[in-house]
Each structure stands twice: as C-alpha cells, then as structure tokens.
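Colleague: Quick one: the structure is below, and I'll ask about it shortly.
Values in this text are rule-based calculations from the coordinates and carry no lab data. Note that the structure is predicted; figures quoted are calculated from it, not measured. Cβ sites come from the backbone with ideal geometry, for glycine too, and all protein chains shown count toward neighbours.
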C-alpha cells in the first residue's frame, strides 16, 4: 500500500494527515494554535510551539494510521503563507515571535510608499501591503538588537512557516522554500522566478537571509530519523491556498476554487500567463512543476472562519462552530443585521488595512441568531465581491469548487450558491489543502505520473445550485455593500 504524509500548518491549527494513493484518510491528528495580540492590529505566533505541535501531530497521525515511517512514500508540507520567522542558523532559535500574515504593524511604511505599488505589482503580482512578508522581515531586523548586523553576516535565516518546519525536520540541513511561498514574500520576481535585487534593496532585506527556491514537487531532503522513527523523503511544498488548488484539481485555465478556513481565499488558474489584475486582485504562482510556472489570480479575504472563532472565544455567543448552522436555520433572515468582519482590515478587492469590524442594523429584537447568521452571510458576500472582480479580469466562472472547515455547513454552502448565483461544488475530501501537499509529494516520487492522474481522483460530495430569487439576493448584497462603505477608512 502507498501512503503519503501531509503536514498542514495553518493559522489556527496544526494538522497531520496520512492519505492512501486515492486520497482517502488513513490517520489524522490536530492541535489548535493560539494567537497573541500584543497591540491592536498585531498578530503573533510562537514558532517553537508551531514546531512542537507539528512534531506531535505527525507522530499521532502515523499512530492513528497504524503505520511507521518506513511505510510512508513521501511527505508534503503546506502552510499559512506570508507569516514570517527569523532564526539563528547556529542554534535554530527564533529571534522574535512569528509575525502572522494578518498582522498590520507595517501599515505606515506601506502607506508612505504607495507610489511604488504599481512597480511592485509588475514584478511580484502583489500590492504594497502589510500582508506580505517583506515588511515583516524588515520590521524584525529593525526592532531586534543586533538582528540586522547578524543578517548581513549570514548568521540568520528567514523563512515562511514551510521553511521553518523544513529546517527543523531536516535538522538544519535544508533551508529552502517553494515558488508558491516565495511568490508571497514581495521579494520574489514571479516572471524571472528569482529573488529580485531591486526588491531586496527597496525593503532593505539582506539576500543572505533567504532560502533556496525550488519547484512545488521537488527533493527537499529527508526527515531526521530520530524524529519519526525513520527517515521520510520530503518531496512537496506549497502555500496553503496553492496546495488547495492542487487538491481541488484546478489544473486547467479558468478553473476556480475557494477555501474557507481562518480567511477565505479564491484562486483562479490562469495558465502559463502572468496577468495583472485591474481589480486589485493578486497575481501569484499557482504551482511550479518541472521548472514550468502556472499562474493564478487570487482574492484574499482576511476573516472567514475567524469570525466564527470570534463569536465563540471573544464574545462567547456560541460554544462551538458546529452550533452556527442550526442558529442560522432557526430564523428566516437577519432582520437587516450585517456583520463586517474587518478585524484586521479589509482584503481584496478593497485593500484597506485601517478598516475595522462593525455590526450594523441592530434593533431591540436582534439576538444571537441574527448576529451568528450575519457572520456566516458575511463570508458569502465577500465571496461575491471577489467573483465580481474575477469576472472582470478573466472569464466569469461557471461553478465554484469549495473546501475548508466551513463548507461542511450545508446552510452556509447553499446560501453561498444563492448569493453568487452559480453552482457551488463540495468535494468528497474537504481537507484539500493537506491533500494537495500529499499529491505534490506523490508527483515527485512517481506515485502519480501526471496532473491528469490526480484530477481523475477528484470526486464530488454535493453540488449546491442557486435556489433563491436573484432579486432577493441582489437586495441583500446591496445592503452588504452599504455596510462595507461605512467601515472603510477613507
């Protein structure tokens, strides 16, 4: 039997899953990952906690599958993107907490240099925004004593979370990343597929910090035998949204998927052409295989499942995420309540880092059910925002493939189809992010001979078609747009 191991290190949890060749789960383990908020708009993780949790869940997933390391053909890694770690090469010790992709502490720098945003986009496909890694790296170098001098001497290493895990899995032997993660740093030229000297100079980031950039399916070394009871080939890496694109088998231009986790991320395959968006979407690397780059347009929503987490943990309106479906179904509508979850600013297509969350339309009759339903609806409205922008930049999609923890909620997935007015298709395996990393590892180790072979494994669980009248959903969406205007900072 062929078995592939996938590490899926996300913003709010760390998971490991063992899959068989057909993509069926053999074993799974997961741990929640706490976030810290030292100041308003700041979001941090403990890199050592991430590594400890990764090692623990990987061991637990192998145990759950009743397999040892020798039975695993290859390991793939997928990760929260843009989150930035800098560590000492000699000791492996991080010099600062990881700065999470949601963090907005570098807003002032980005605002001051907005005249360079078009120049940046032409090289990277990105916008000048605190979201991406470059300003986070510079901030750490400028705020940790001796860091910049150490970086110049080559004593420090930078990585997104994939690089941090790879370094630890290989005992410091491999400092590398893949092209998808590199494309999210704002330091990588996605046309030349190289770290860009002009970008490094602009952001004041020493080249000595940076990892080697490899294909998404490639040789990334082997795990230390002592960690998992034997060596395992590490053969695939991709950022979480690109891994989900692979897991959803969106291999042809025009195919589109949307993942609903902490945030919501929509990715449209645009083939071998680098296309700049006219609607403030991102152009990015979908995957790079055998040296050939496939590009994508991406829309990023910062808060999706995180809004449900906020309802649970911050305001304690629910005890668990699973309660949201019944609460939403218990009422016919929100009675005009809108929740705009701009807790860390607004992502695409607005890109307003100073916007903040708000609830509108509250009356004396408003209760928990209305607010919970409004939170779920906000995810669907934001998806429509992205689809409108996508349709203007490329061909209008005919269906949307969805995945992530939120889409097991049938009410949400049906409402999503109603709002965006096209069918929404949920696959049998909703853990497509982890599955995509496993597929990439399997590609490099000849478990799969081609992307077509992987695509043949993709299967539908349920297809949701629009049911509500367009006039009604259009009116709801107009209300959403008015609410968004009221939270924007300008």
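Colleague: Calculated FRET efficiency, residue 323 and residue 13, Cβ-Cβ r, R0 22 Å, to nearest 0.05?
Modeller: 0.75
Colleague: Count the DSSP beta bridges whose two residues both fall in the chain, then state the antiparallel fraction as a percent rounded to the nearest 5.
Modeller: Percent antiparallel among DSSP bridges in the chain is about 75.
Colleague: Which whole number in µm²/s is D for the chain by Stokes-Einstein, with the Kirkwood Rh taken over Cα pairs at 25 °C and 0.890 mPa s?
Modeller: In µm²/s, the coefficient is 109.
Colleague: For the stretch 149-227 and the stretch 383-432, compute the distance between their C-alpha centroids and round to whole Å.
Modeller: 33 Å
Colleague: Another question about this same structure. Using a Förster radius of 51 Å, what is the FRET efficiency between residue 468 and residue 37 based on their Cβ-Cβ separation? Nearest 0.05, please.
Modeller: Here the calculated transfer efficiency is 0.85.
Colleague: Could you tell me what a quarter of the Cα convex hull surface of the stretch 441-481 works out to, in nm² with one decimal place?
Modeller: 5.6 nm²
Colleague: For the stretch 352-431, what does the alpha-carbon gyration tensor say about shape, rounded, prolate or oblate, given a ≥ b ≥ c as the root eigenvalues, a/c under 1.5 as rounded, and a/b over b/c as prolate?
Modeller: Here the stretch 352-431 falls in the oblate category.
Colleague: Taking the C-alpha atoms of the stretch 74-185, how large are the radius of gyration and the largest Cα-Cα span, Dmax, in Å?
Modeller: In order Rg, Dmax, the Cα atoms of the stretch 74-185 give 14.4, 45 Å.
Colleague: Rounded, prolate or oblate: which fits the stretch 119-210, taking a ≥ b ≥ c as square roots of the Cα gyration tensor eigenvalues, rounded meaning a/c under 1.5, else prolate when a/b beats b/c?
Modeller: Here the stretch 119-210 falls in the oblate category.
Colleague: For residue 90 paired with residue 1, estimate the spin-label separation in nm (one decimal), with each label point 7 Å from Cα along the Cα-to-Cβ line.
Modeller: 4.8 nm
Colleague: Oh, and also: With a/c under 1.5 counting as rounded, go ahead and sort the stretch 289-358 into rounded, prolate or oblate using the C-alpha gyration tensor (a ≥ b ≥ c being the square roots of the eigenvalues; past the cut-off, prolate if a/b is larger than b/c, else oblate).
Modeller: Judged from the Cα gyration tensor, the stretch 289-358 comes out prolate (a/c at least 1.5, a/b above b/c).
Colleague: Further question: If you take the beta carbon distance between residue 489 and residue 112 as r and set R0 to 22 Å, what does 1/(1 + (r/R0)^6) give as a FRET efficiency, to the nearest 0.05?
Modeller: Approximately 0.90, to the nearest 0.05.
Colleague: For the residue pair residue 399 and residue 354, what label-to-label distance in nm results when each label sits 7 Å from Cα along the Cα-to-beta-carbon direction?
Modeller: With each label point 7 Å from Cα toward Cβ, the separation is 4.4 nm.
Colleague: If you take the Cα Rg of the stretch 1-88 and divide it by 2.2 N^0.38 Å, with N the number of residues, what do you get?
Modeller: 1.21
Colleague: May I pose another question? Any idea what log10 I(q)/I(0) is at q = 0.09, 0.21 Å⁻¹ for the stretch 188-311, Debye with uniform C-alpha scatterers and no solvent?
Modeller: Debye intensities relative to I(0), on a log10 scale: -0.34, -1.21.
Colleague: What does the convex hull of the alpha-carbon atoms of the stretch 3-240 project to on average, in nm²?
Modeller: Directional mean of the projected Cα hull area for the stretch 3-240 stands at 12.4 nm².
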